[in-house]
1. Might you check whether a residue that is of a type in the set (A, V, I, L, M, F, W, C), modelled with pLDDT of 85 or more and open to solvent by less than 60 Å² (accessible area, probe 1.4 Å) occurs anywhere in segment 23-39?
2. Would you say LEU150 is in contact with a Leu (Cβ under 9 Å, 6 or more places away or on another chain), open to solvent by less than 50 Å² (accessible area, probe 1.4 Å) and among the hydrophobic types (A, V, I, L, M, F, W, C)?
3. For segment 113-170, enumerate the residues that are closer than 21 Å to ALA79 by Cβ and outside any helix (DSSP H, G or I).
4. Test THR147 against the stated conditions and say whether it is among the hydroxyl-bearing types (Ser, Thr, Tyr) and over 24 Å from CYS212 (Cα atoms).
5. Quickly run through segment 193-210 and pick out the residues that are touching a residue at least 24 places away in the same chain (Cβ under 8 Å), under 25 Å from ARG260 (Cα atoms) and open to solvent by 70 Å² or more (accessible area, probe 1.4 Å).
6. Considering ALA164, ALA139, ALA144, which residue is within 21 Å of the chain's Cα centre (by Cα) and either at pLDDT below 90 or open to solvent by 30 Å² or more (accessible area, probe 1.4 Å) (or both)?
7. Between THR71, THR129, which is among the hydroxyl-bearing types (Ser, Thr, Tyr) and closer than 26 Å to TYR215 by Cα?
8. Which one of these is of a type in the set (S, T, N, Q) and at pLDDT 85 or above: THR83, THR8?
Amino acid sequence: MVLVEDVTNSANGSSSQNSSNTQNTQQQTSSGLSNLISNDKISFFLFLIRLFNIACVLGFLIPFFGYDQNTLYQKSILASAATSALKLHQRLQAERFGLNREYFSKVISEDSFHYLLYSLIFLNVSPVTIVLVPIASFALLHVATYTQKLMIAGTCSLGFLKKAVDLITIKQKDIMRFVAINEILLAPTVVIMIFLGKCGLMVPFIYYRFICMRYQSRRNPYSREVFYQLRFVINYYTNNPNCPQLVKNFSQNFINFVNRLAPQ
């Protein structure tokens, strides 16, 4: 009888200890997540907006949910504008506001300002899928980054989610290059959109300023890299002896034209 009681007491003690460990783990997870969110509420709000942005883009691309595509397009653009504005606010918190050239130069040099301008350019333009590519790509990258922080803070071990986040992180440079190519190809697309009646006459000129800003970006060198790579590829094929002279002349004139437009 004594042996049975000892075994029973030992089993009860072990069960209580496991239950206590589980509760402690849950409390630590909840505490870690709440601390991460409370310490930087703006980043968490940006995370939610970007999730909404991705949902709008998916709803626009896959019209099976019964929502109006024009509405989803505009909501995605507005979400991107809100994200860029909040991010710009974060970047300039340490800067002292002033109505001077130095302050506005700092604002214009920020990538967040570039994409705020991008969103405003295409807010009242007819829906075009290619416009949403940079918006969705950056939203996906930032969602993956913040999800990684949430997983670390909450000691989350969801295998499929971790693999997805790791894959996006590994492919980050490829995604950034893809976005840069998309932004460059969007320039002639905007010109074509004028003749199709899908945008105003001022859109190409404002978009040209956006491309110049991306080219001069301090944090994102991919636009400059893609321009260089495109020029290298064009020169490589046009210098081939089998390339027609007409194509060669057109390519060289086009490169010279782009070089004149490039910011110094």
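The values are calculated or read from the model by the stated rules, or taken from the named source; none is laboratory data. Here the structure is a predicted model, which means the values were calculated and not measured. Here the Cβ positions follow ideal geometry from the backbone for every residue, glycine too, while neighbour counts run over all protein chains shown. When the accessible area is computed, the model is the full protein with side chains, heavy atoms only, and any ligands, DNA or RNA have been set aside. Shrake-Rupley method; radii C 1.70, N 1.55, O 1.52, S 1.80 Å.
1. Among the residues of segment 23-39, not one is of a type in the set (A, V, I, L, M, F, W, C), modelled with pLDDT of 85 or more and open to solvent by less than 60 Å² (accessible area, probe 1.4 Å), which makes the answer no.
2. yes
3. Correct list: PHE122, LEU123, ASN124, VAL125, SER126, PRO127, VAL128.
4. yes
5. Those that are touching a residue at least 24 places away in the same chain (Cβ under 8 Å), under 25 Å from ARG260 (Cα atoms) and open to solvent by 70 Å² or more (accessible area, probe 1.4 Å): TYR208, ARG209.
6. On inspection, the qualifying residue turns out to be ALA164.
7. THR129
8. Just one listed residue meets the conditions, THR83.
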